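Following: one structure in structure tokens, then a few remarks.
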Amino acid sequence: MSFYLVQALTGLASAASLFLVAAGLSIIFGVTRIVNFAHGSFYMLGAYVAYSLVSRLGGGALGFWVGVVGAALAVGAFGAVVEMTILRRIYRSPELFQLLATFGVVLVVEDAALAIWGPEDLLGPQAPGLAGAVDILGTRLPTYDLVLIAVGPAVLGALWLLFRRTRFGILVRAATEDREMVAALGVNQRVLFTAVFFLGSALAGLGGAMQLPREPVSLLMDLNIIAEAFVVVVVGGMGSVAGAFLAAVLIAELNAFGILVFPQITIVLAFLVMAVVLVVRPWGLMGRPEGPPATPSGAALAAPLAPAGPRTRLAFAALLAALLAALFVVGDFTLVLLTEMAIFALFAASLHMIMGPGGMVSFGHAAYFGLGAYGAALAVHHLGAPMGAALAAAPVLAGAGALLFGWFCVRLTGVYLAMLTLAFAQIAWSVVFEWYDVTGGDNGILGVWPAAWASDKAAFYYLVLALCAAGVFALRAAIFAPFGYGLRAVRDSPLRAAAIGIRRHRQQWLGFAFAGVFAGLAGGLFAFSKGSVFPDAMAIPRSVDALVMVLMGGVQTVSGPLVGAVTLVGLEDEITRRTELWRAVVGGIVLLLVLAFPQGIVGFLEARLRRRRR
């Protein structure tokens, strides 16, 4: 009995740090409507800054707690600077570009931490006076865990008083409900948004600083916490601090006891809970149904999509001819790079199918890319299938997964839809990670090589180019077919679409599956290009890469995802060969593109061309 009691208390201690991060994320989203990918970076910075401050201030309780509080304030100030210098400039841009900007901040912060503190994990000091353990019915519990258990409710109470008993809190609550009305009443939104960002970032920094005695400080802290923080915020209800506290306790306790009961699914238990909650109650345990977006969508800001004119067709023909002739003028390395660009161009185009015409944001599109890769690899490894049959299996398995996941996803909208796609992607990732007998687990599947006739780099390049070009043209044709116009109709006006007989859920479901098929084809080609497949083919960073490609090129354009894929793959390859801090450079470029070209590269060029014609 004492063991289970201590396990429950350990879960509550973990819930405290998780709540601090999730509360800040929830407050920021509630007011600014920004899905802040950089929130995990603020948590990591809190740990690093606390480590430096505590080391400088020396031992003693005063030095430790001053370092922890100072780290929270420093991270809060950094968050306010990010809001004033970057996000404030793009509040009127589509929300997806704000998300892309926060991803750029993640890359910059990660390499900045690497340059300042180095790659090695740092072991922080124990909290003075709290380094021991207390005896609970014969089982030892760290004293510091009891402090963390008290911190969670204390912060929740302080936030309740702040939001219920102060003018600032009332304004925050009002902005969460209707920020346009708050602006109409004369409230300075700039000051309010900056203050909210300071508060949310400081809470994340405090969560990281409080972890200093419990775990090593590392560069992986941001990625490790941000996924769970999103889960907590979504399960509790976006914008609800009390919901975040309830969900943090629920998720932490499930993790604490899940490792005893279901050790195989512990790594994905939180996402299973999120998937169930979103299916049963789409707005979370204590949230409210999502209203219309506060800022115009990308579709509303863009000119209507139109089929390619003669000049565009001529440009595509010239590009295809240049790619066919590339074999005679480039070396093997460049040929491999062009092969990878073609694969990711198809992957990005498949995501654009549901993001642009479909109006559905997916944080888990890598699930179908990975299912395609594993479909091809499993066919080769277990069935001894030839390359042609394995490549055929890739889109079939991915399309089946998209049909299954999409049936649930299309019943949600906005950020809740995006988070459900993330949950399903993580569930799929956990299956291939844990199913050692079939997928090889984290060892992956090796020996997925092209057939003899395609083993030459040139032959495989032509195969990839042909299949990816066919896939891109099929996606493009679907966008300008009646099916694609139906997708845009339910995206722009669901009620009018329903009035003329277009069923929104079915139309979006079929679009989801169609996009999944071509993502799976890209994944199958990727597996043969690498000769192996590992679980990271469907991990969160792969989904983020696809999002960046689409947004960088321009989500309101058909050609944008292709340009974004080529740009991102080319940048990463060029920069990684020149500097170890390549993430900071790529992040800086992403931020520059977001600030200078909020419509994306192709969207910016098309807008300039339209202005010249007028």
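Only the coordinates and a few stated rules stand behind these numbers; no lab work does. Only a predicted model underlies this, so the values are computations on that prediction, with no experimental measurement involved. Glycine also receives a Cβ, built like all others from the backbone with ideal geometry; neighbour counts cover every protein chain displayed.
A few remarks follow.
- Within-12-Å neighbourhood charge of Ala366 [Cβ basis; K, R +1; D, E -1]: -1
- Taking all pairs of distinct alpha-carbon atoms in the range 484-592, Kirkwood radius in angstrom: 16.5
- Sorted on the mean count of surrounding Cβ atoms within 10 Å across their residues, most packed first, peptides 328-336, 128-136, 517-525 read 517-525, 128-136, 328-336.
- Under-5 Å amide H pairs with Ile136, H placed in peptide plane, nonlocal only: Leu141
- Debye equation applied to the C-alpha atoms of the range 309-613, log10 I(q)/I(0) at 0.09, 0.13, 0.14, 0.17 Å⁻¹: -0.44, -0.94, -1.09, -1.54
- Take every Cα pair under 8 Å whose residues are at least 6 apart in sequence, average their separation, divide by the length of the chain, and the relative contact order is 20 percent.
- Helix axis angle, 95-117 relative to the chain longest principal axis, alpha carbon, degrees: 60
- Packing-based ranking, highest mean first, of 231-244, 164-177 given that Cβ atoms within 10 Å are counted: 231-244, 164-177
- Net charge contributed by nearby residues that have their C-beta within less than 12 Å of Ala133 (K/R +1, D/E -1): -1
- Ratio Rg/Rh, restricted to the range 2-227 and using Cα atoms, in which Rh is the Kirkwood radius: 1.00
- Helices in the chain, meaning DSSP H runs of at least 4 residues, each add -39500 (n - 2.57). Divided by all residues, the mean residue ellipticity at 222 nm is -24500 deg cm²/dmol.
- In the range 76-145, GluC sites (Glu not before Pro) in a DSSP loop with at most 16 other beta-carbon atoms within 10 Å: Glu120
- Relative to the longest principal axis of the Cα atoms of the chain, helix 482-492 runs at roughly 30 degrees.
- Helix 167-184 vs. the chain, principal-axis angle (Cα, 0 to 90°, nearest 10): 30
- Under 5 Å between amide hydrogens, built in the peptide plane, is the criterion, and for Val448 it picks out Ser532 among residues at least 5 positions away or on other chains.
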